[in-house]
Amino acid sequence: MVKKPVISAAEAAAKVREGDSLMVGGFLACGSPHTVIQALMGAGTSGLTLICNDSGSHDFKSGKITGVGHMVAKKQFKKMICSHIGLNQETQRQMNAGETTVDLVPQGTLAERVRAGGVGLGGILTPTGLGTEVEQGKQVITVGDRLFLLELPLKADVAIIKAKKADRAGNLVYAATARNFNPLMAMAASLVIAEVEEIVEVGDIDPNEVHTPSIFVDVLVKAERLEW
Amino acid sequence: MEYVANKDIIAKRIARIFKTGDVVNLGIGLPTLVGNYVPEDVTLILQSENGMLGLGPAPMKGEENWDLTNAGSAPVTVRPGGCFFDSAMSFGIIRGGHVDYTVLGVLEVDQEGNLANYKIPGKMVPGMGGAMDLTAGSRVVIAATLHFEPSGASRLKRRCTLPLTAVREVNLVVTDLGLFEVMGDRFFLREYFEPYTPEWIKERTQAEIVIPNDCRPVSFEKVFPRTGE
């Protein structure tokens with residue numbers, strides 16, 4: 001097996017360029033690549049388009065910020081494609097002030113759009129969102145006697161994802177609900193940076209237990225920050 | 001009669017709807033309380049849209065695993081036989097009709113079965129999260145809500161005014177006054193929770209309410225005794 005480079009978080013962050021589209025794994029900071037997020041915040045790369053389940057959290061009262069919310073606070077996103085921004089007051093503030101745009105996508109639709117982007121589908125047909133604002137501007141397609149919305153695939157320049165364990169080839173194993181969007185994003189970006197807690201030798205992960213096949217992963221970063 | 005908001009009554013009543021083996025998704029907030037009142041002889045399979053079946057109770061303090069959370073990012077546990085999966089599988093389960101009941105909170109719900117809970121234009125835009133998929137895909141959609149807004153207005157409307165989360169998907173609405181079924185573009189009051197009366201409820205509700213002959217009173221003191229909770 002070809003071994004993947006293990007690079008520092010700063011080196012990983014330097015691979016993200018101004019204006020890139022960026023997929024970030026995690027669900028309200030559970031299963032987010034906190035070490036790389038911190039490095040990207042340090043790099044200050046801006047004009048990014050975020051594709052993530054949510055925009056982390058940011059509570060103005062307590063000042064507490066979690067996950068990708070740290071990059072939102074540094075105003076690094078010109079656009080966010082998320083299913084939920086309810087726990088991030090700064091995202092709402094930026095949206096209302098016109099500093100960023102937010103595309104709200106139903107969570108299941110977001111998951112399938114990312115998957116479609118990764119697996120070569122031209123889109124997906126879903127009943128979710130019919131008759132709501134989500135339908136606006138989209139093609140409604142009848143199959144048999146049922147209506148569906150055509151939702152288009154999503155791809156990104158870079159995906160930063162988080163796994164529990166990797167082997168040097170890049171095979172990934174996730175932990176519990178920290179899996180969420182990570183395996184889907186691993187398939188849908190030109191460059192996939194996997195932040196992992198443990199790196200073992202090729203052959204040390206049972207092939208039956210691999211969640212994300214090695215070929216999707218380009219580089220590995222050792223996780224230094226597990227919660228943020 | 002004085003109205004006192006009571007979320008526990010809503011959770012208690014909804015908890016008695018299920019039977020062993022039902023796959024249930026409980027939304028964040030009020031719906032999460034339902035889990036506290038499921039009878040001991042009923043075993044549900046709780047689905048959490050962030051990627052698990054077999055959602056268990058919160059862990060003891062000091063035993064939290066931050067890789068194991070619910071959809072509100074609170075640490076939880078997994079029951080024996082539970083499993084984890086990615087978000088595409090999770091919503092495959094939801095959209096594919098494999099969830100029997102979804103219980104979710106609302107800002108407004110109307111007599112056509114429409115539900116609004118993700119956006120107040122110009123004020124608050126939390127986003128729909130998984131709610132649109134859950135309402136589109138689940139077999140039975142239960143709206144759990146206090147009957148009145150803080151202003152005193154009824155949350156059961158003739159027509160929702162806020163952007164919709166779900167169109168004609170709501171089957172049951174359980175408030176702290178009663179249990180309503182959505183049928184033929186009207187709310188049928190199936191149960192009223194004592195001491196409230198059907199007339200009292202109807203007078204104070206904006207939506208059109210039908211009171212069928214078999215509408216029955218429910219007393220939480222008698223029917224759901226405190227022992228065993």
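The values are calculated or read from the model by the stated rules, or taken from the named source; none is laboratory data. Computed from a prediction, not measured in an experiment: that's the story for all the values here. So basically every Cβ, Gly included, is an ideal-geometry build from the backbone, and we count neighbours across all protein chains shown. Heads up: the accessible areas ignore ligands, DNA and RNA and are worked out on the full protein's heavy atoms, side chains in. Shrake-Rupley method; radii C 1.70, N 1.55, O 1.52, S 1.80 Å.
Pairs needed: first member in segment B:185-205, under 11 Å from B:LEU156 (Cβ atoms) and open to solvent by less than 60 Å² (accessible area, probe 1.4 Å); second member anywhere, part of a loop (DSSP other than H, G, I, E, B) and not hydroxyl-bearing (Ser, Thr, Tyr); C-beta distance under 7 Å; at least 6 residues apart or different chains.
Hits for this filter: B:PHE187/B:GLN111; B:PHE187/B:ALA207; B:PHE187/B:GLU208; B:LEU189/B:ILE211; B:LEU189/B:CYS215; B:ILE201/B:LEU177.
If you scan segment B:6-26, which residues turn out to be in contact with a strand residue (DSSP E or B) (Cβ under 9 Å, 6 or more places away or on another chain) and either modelled with pLDDT under 95 or of a type in the set (Lys, Arg) (or both)?
The initial filter retains those residues of segment B:6-26 that are in contact with a strand residue (DSSP E or B) (Cβ under 9 Å, 6 or more places away or on another chain), namely B:6-7, B:9-11, B:13-14, B:17-18, B:21-26.
Matches in segment B:6-26: B:LYS7, B:ARG13.
For segment A:91-101, what are the residues that are within 19 Å of the chain's Cα centre (by Cα) and either more than 10 Å from chain B (Cβ to nearest Cβ) or surrounded by fewer than 21 Cβ atoms within 10 Å (Cβ to Cβ) (or both)?
Scanning segment A:91-101 gives A:THR100, A:THR101.
Select from segment B:54-85 the residues that are more than 7 Å from chain A (Cβ to nearest Cβ), crowded, with 20+ Cβ neighbours inside 10 Å and in a strand (DSSP E or B) and list them in ascending order.
Of everything in segment B:54-85, just one residue is more than 7 Å from chain A (Cβ to nearest Cβ), crowded, with 20+ Cβ neighbours inside 10 Å and in a strand (DSSP E or B), namely B:LEU55.
Take the residues of segment B:114-136 that are open to solvent by less than 10 Å² (accessible area, probe 1.4 Å) and closer than 18 Å to A:ARG146 by Cβ: which is farthest from the other protein chains (Cβ to nearest Cβ)?
Only one residue tops the list, namely B:THR135.
Out of all the residues in segment B:86-100, which are in contact (Cβ under 8 Å) with a residue 40 or more places away in the chain and within 9 Å of another protein chain (Cβ to nearest Cβ)?
B:SER90, B:PHE91, B:ILE94, B:ARG95
For residues that are under 21 Å from B:CYS83 (Cα atoms), in a helix (DSSP H, G or I) and either away from every other protein chain (no Cβ under 14 Å) or touching a helix residue (DSSP H, G or I) at 6+ places or on another chain (Cβ under 7 Å) (or both), tally how many sit in segment A:191-228.
2
Looking at the structure I just gave you, is B:ARG95 open to solvent by 30 Å² or more (accessible area, probe 1.4 Å), closer than 18 Å to B:ALA166 by Cα, of a type in the set (Lys, Arg) and at pLDDT 95 or above? Show your work before the answer.
Working: open to solvent by 30 Å² or more (accessible area, probe 1.4 Å): yes; closer than 18 Å to B:ALA166 by Cα: yes; of a type in the set (Lys, Arg): yes; at pLDDT 95 or above: yes.
When the stated conditions are applied, B:ARG95 passes them.
Residue check: is A:LEU149 at the interface with chain B (Cβ under 10 Å from one of its Cβ atoms) and open to solvent by less than 10 Å² (accessible area, probe 1.4 Å)?
It is false that A:LEU149 is at the interface with chain B (Cβ under 10 Å from one of its Cβ atoms) and open to solvent by less than 10 Å² (accessible area, probe 1.4 Å).
The conditions are (1) within 11 Å of chain B (Cβ to nearest Cβ); (2) more than 18 Å from the chain's Cα centre (by Cα); (3) among the hydroxyl-bearing types (Ser, Thr, Tyr), and A:THR142 fails exactly one of them. Which is it?
Going through the list (1) within 11 Å of chain B (Cβ to nearest Cβ); (2) more than 18 Å from the chain's Cα centre (by Cα); (3) among the hydroxyl-bearing types (Ser, Thr, Tyr), A:THR142 breaks only (1).
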